[in-house]
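Written below as structure tokens is the structure these notes are about.
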Amino acid sequence: MINKKELKETALGGIINNPVFVLVLGTCPTIAKSDTVSNGIGLGLATAFVLICSNLFISLLRKIIPDKVRLPAYIVIIATFVTIVQLFVAKFLPDLNASIGAFIPLIVVNCIILGRAEAFASKNDVLSSVIDGVSMGLGFTLSLVLMGAIRQGLAAIGLTIFQATAGGFIVFGLLMALFNYVLYKADGHKRRVLFENGGEDR
Amino acid sequence: MSLTLLLSVVISGVITNNIVLVQSLGICPFLGVSKKLDSGLGMGLAVTFVLVISSLVCYILYYFVLVPLDYVYLQTIVFILIIAVLVQLLDIVLKKVSPSLYNSLGVYLALITTNCAVLGTANNVISYGYDILTTVVHAVSVGLGFTLALLIMGGIRERMEISRIPKFFKGLPIALITAGIMAMAFSGLGGLTF
């Protein structure tokens with residue numbers, strides 16, 4: 001069992017180590033489907049569900065899965081939950097399916113999920129893995145909603161380019177520069193190395 | 001299949017529906033491996049190769065195994081497993097057959113499994129309802145579009161090394177903004193009709 005401090009750190013991981021702006025994982029769905037707030041919430045929650053479930057099962061099976069075949073095993077677990085989400089959304093949320101349907105199967109190759117499986121769930125107990133999944137999933141959703149709000153707002157005042165892919169790239173770049181600035185001011189020494197590498201050695 | 005239709009598939013795959021800059025798939029390798037021109041070319045060609053073979057194999061399996069057996073809902077699991085197996089096979093075969101090519105691609109090969117451009121194209125081909133020839137042409141042109149985006153980005157970033165960039169924009173932020181401007185140029189060509 002982990003102590004309280006570690007639990008708190010894990011729970012805040014989604015903000016401090018935000019998967020999108022700090023770890024720079026899962027950029028493709030971030031840029032493609034943060035064009036509106038509702039798309040962001042839909043894809044964010046779908047990804048969070050898969051992340052929580054895959055973290056739970058990978059953590060449960062971490063002592064059984066042989067090291068050599070762990071990646072294929074993780075991918076099968078993740079793909080199973082993605083299929084569940086895909087079937088659920090297609091059946092019960094037809095509107096959402098029309099707007100983000102093409103990106104739901106691509107949750108399988110979202111690096112956040114495989115990254116958390118490899119870096120966290122395969123090494124930690126079930127409870128903290130689930131907490132990590134919830135925190136990272138909500139962190140991802142929050143980033144998508146933030147970008148969605150900015151892009152939808154800019155499009156509403158006539159700058160429709162911001163809802164296209166081009167706008168996604170630009171808003172993402174500007175927000176990342178802002179995060180660099182804020183994190184640098186907050187704890188300059190810890191982040192300096194990361195920041196001087198331009199965030200590219202991950 | 002008429003020639004003009006094939007040509008429009010090529011143009012849309014390479015330029016107007018560019019997989020990276022218009023559909024925003026495969027951005028991780030696009031940002032990660034575009035620091036230099038040569039590595040960009042290597043990654044682009046490796047992805048093109050895997051893309052063509054995987055969408056062809058996925059296409060055949062989908063229409064000749066999954067549809068007759070009524071297991072269409074297994075599409076995602078089957079496709080990702082095919083891609084993972086293919087990348088692993090390619091790794092083994094290239095190591096044996098052409099060590100020089102393997103050494104130049106080696107680093108990127110393993111990454112291709114989690115490149116969403118590959119799974120995305122395999123899924124798109126099914127949802128567009130292409131026939132087998134169009135599938136291959138589409139996959140080749142998507143791969144070339146990916147390579148083109150990587151090459152342009154590589155060239156720009158090689159020059160950006162020596163230019164003065166605001167402190168907090170160094171690295172990824174400026175690369176993303178550059179990509180945004182490139183994306184505007186590519187989507188500006190979206191009005192091309194045949």
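Could we say that A:G26 is more than 28 Å from B:V87 (Cα to Cα), open to solvent by less than 10 Å² (accessible area, probe 1.4 Å) and at pLDDT below 85 here? If you could, list the steps in order and put the result at the bottom.
On the way: more than 28 Å from B:V87 (Cα to Cα): no; open to solvent by less than 10 Å² (accessible area, probe 1.4 Å): yes; at pLDDT below 85: yes.
It is false that A:G26 is more than 28 Å from B:V87 (Cα to Cα), open to solvent by less than 10 Å² (accessible area, probe 1.4 Å) and at pLDDT below 85.
Among the residues in region A:89-108, are any open to solvent by 60 Å² or more (accessible area, probe 1.4 Å), within 14 Å of chain B (Cβ to nearest Cβ), in a helix (DSSP H, G or I) and over 30 Å from A:A156 (Cα atoms)?
yes
Name the single residue, out of those in region B:15-63 being closer than 11 Å to B:A122 by Cβ and open to solvent by less than 10 Å² (accessible area, probe 1.4 Å), that is nearest to the chain's Cα centre (by Cα).
So, considering only residues that are closer than 11 Å to B:A122 by Cβ and open to solvent by less than 10 Å² (accessible area, probe 1.4 Å), the one nearest to the chain's Cα centre (by Cα) is B:L51.
Looking only at region A:113-153, which residues are touching a Lys or Arg at 6+ places or on another chain (Cβ under 8 Å) and hydroxyl-bearing (S, T, Y)?
If the condition is that a residue be touching a Lys or Arg at 6+ places or on another chain (Cβ under 8 Å) and hydroxyl-bearing (S, T, Y), then A:S122 is the only one that fits.
Looking at (1) farther than 21 Å from A:V134 by Cβ; (2) at pLDDT below 85, can you tell me which one A:T36 breaks?
Of everything listed in (1) farther than 21 Å from A:V134 by Cβ; (2) at pLDDT below 85, A:T36 misses just condition (2).
Which residue, of B:T135, B:T114, is open to solvent by less than 60 Å² (accessible area, probe 1.4 Å), under 15 Å from the mean Cα position of the chain (by Cα), under 21 Å from A:C28 (Cα atoms) and among the β-branched types (V, I, T)?
Only one candidate qualifies: B:T114.
Is region B:80-92 home to any residue that is of a type in the set (D, E, K, R) and within 14 Å of chain A (Cβ to nearest Cβ)?
yes
So the check is Cβ under 9 Å with 6+ separation or different chains; which pairs have a first residue in region A:73-96 that's over 14 Å from A:A46 (Cβ atoms) and a second one that's at pLDDT below 90 and not in a helix (DSSP H, G or I)?
Filtered contacts from region A:73-96: A:A73/A:I65; A:A73/A:P66; A:Y74/A:I65; A:Y74/A:S122.
Among the residues of region B:64-77, how many are in a helix (DSSP H, G or I) and either more than 14 Å from chain A (Cβ to nearest Cβ) or open to solvent by 60 Å² or more (accessible area, probe 1.4 Å) (or both)?
Selection size over region B:64-77: 6.
Go through the residues of region B:127-137 one by one and say whether even a single one is of a type in the set (G, A, S) and touching a residue at least 24 places away in the same chain (Cβ under 8 Å).
Checked region B:127-137: no residue is of a type in the set (G, A, S) and touching a residue at least 24 places away in the same chain (Cβ under 8 Å).
Any chance you could count how many residues in region A:4-52 are away from chain B (no Cβ under 14 Å), closer than 12 Å to A:G148 by Cβ, assigned to a helix (DSSP H, G or I) and hydroxyl-bearing (S, T, Y)?
So the answer is 1.
Return yes or no: is A:A155 modelled with pLDDT under 90, buried (at least 18 other Cβ atoms within 10 Å of the Cβ) and either assigned to a helix (DSSP H, G or I) or facing chain B (nearest Cβ under 10 Å) (or both)?
When the stated conditions are applied, A:A155 does not pass them.
Of the residues B:I156, B:I177, which is open to solvent by 50 Å² or more (accessible area, probe 1.4 Å) and modelled with pLDDT of 85 or more?
The conditions single out B:I156.
So which of B:I165, B:I181 ends up being within 10 Å of chain A (Cβ to nearest Cβ), out of contact with any helix residue (DSSP H, G or I) (no Cβ under 7 Å at 6 or more places or on another chain) and free of Cβ contacts under 8 Å to residues at least 40 places away in the same chain?
Just a single option satisfies the conditions, and that option is B:I181.
The values are calculated or read from the model by the stated rules, or taken from the named source; none is laboratory data. What you see is a predicted model, and the numbers here were worked out from it, not measured in a lab. Counting neighbours? That spans all protein chains shown, and the Cβs are built from the backbone with ideal geometry, glycine included. Calculation scope for accessible area: heavy atoms of the full protein, side chains included, ligands and nucleic acids excluded. Shrake-Rupley method; radii C 1.70, N 1.55, O 1.52, S 1.80 Å.
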